[in-house]
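First up is the structure itself, then whatever we jot down about it.
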């Protein structure tokens, strides 16, 4: 989903998007990187994984269904803009380049900022892995907690000596932890031994309280003719309706 955001703070001042990260211990959040310019949008995505099942013919019918498997962690993509060439004026989204066509005498190497982001994709010697990151933005606290999965740096302006002074950095994060009771399918099939008086209709009524669900049992056991079941047969009973 695309999320255009407004910075918090109102009259009390501009809030900057900040990336907190681990430095020595798990979730110590001792490190922080403040955005030079606030982003104008964030993109947060999540996918739900389904598996296509069925396709076997039962009599004259063929049914294909989607069976829930898992919920994937959220991912977030953010573009951060850095400009160390021109003088800046404050706006709703932070400092913006002025329209002054003449170079600022205080232009500095933009990599001073981009290198700090790039380090989030490197192994931390204390943690023996890249650090976890926690993004916050004013009242949008705990915006996202995850790990950096990719970073793309695009340098778009250079001084005559080759020093980069403008860049856009695209960071992609994935959620570190996802908890809940409905993340995975509880589809653990049951087994039923056919009795002399059983039919697929009666078994479906017993298992699902719905005799019309007999086709699910037939498909799971590749039974083409429902009259062919015999006492002693062991049938797989799918648990998901």
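The values are calculated or read from the model by the stated rules, or taken from the named source; none is laboratory data. If you're wondering where the values come from, they're calculated on a predicted model, not measured in any experiment. Note that we place each Cβ from the backbone using ideal geometry, even for glycine, and neighbour counts take in every protein chain shown.
When the residues of the range 226-238 are filtered to those that are assigned to a loop (DSSP other than H, G, I, E, B) and in contact (Cβ under 8 Å) with a residue 40 or more places away in the chain, which remaining residue is surrounded by the most Cβ atoms within 10 Å (Cβ to Cβ)? Among them, the one singled out is 238. Residue count for the range 86-118 satisfying the condition of being buried (at least 17 other Cβ atoms within 10 Å of the Cβ) and either within 19 Å of residue 19 (Cβ to Cβ) or at pLDDT 90 or above (or both): 8.
Residue pairs whose Cβ atoms lie under 9 Å apart, separated by 6 or more positions or on different chains, with the first residue in the range 160-174 and in the same structural domain as residue 39 (by TED's automatic domain parsing) and over 26 Å from residue 42 (Cβ atoms) and the second at pLDDT 95 or above and buried (at least 16 other Cβ atoms within 10 Å of the Cβ), are 163/110; 163/111.
For the range 204-219: of the residues being more than 37 Å from the chain's Cα centre (by Cα) and free of Cβ contacts under 8 Å to residues at least 40 places away in the same chain, which is surrounded by the fewest Cβ atoms within 10 Å (Cβ to Cβ)? Working first, answer last.
Going residue by residue through the range 204-219, those that are more than 37 Å from the chain's Cα centre (by Cα) are 204-206, 209-212, 214, 218.
Applying the additional criterion that residues be free of Cβ contacts under 8 Å to residues at least 40 places away in the same chain yields 204-206, 209-212, 214.
Numbers: 204: 20, 205: 15, 206: 12, 209: 8, 210: 12, 211: 14, 212: 10, 214: 21.
Once the filter is applied, the top-ranked residue is 209.
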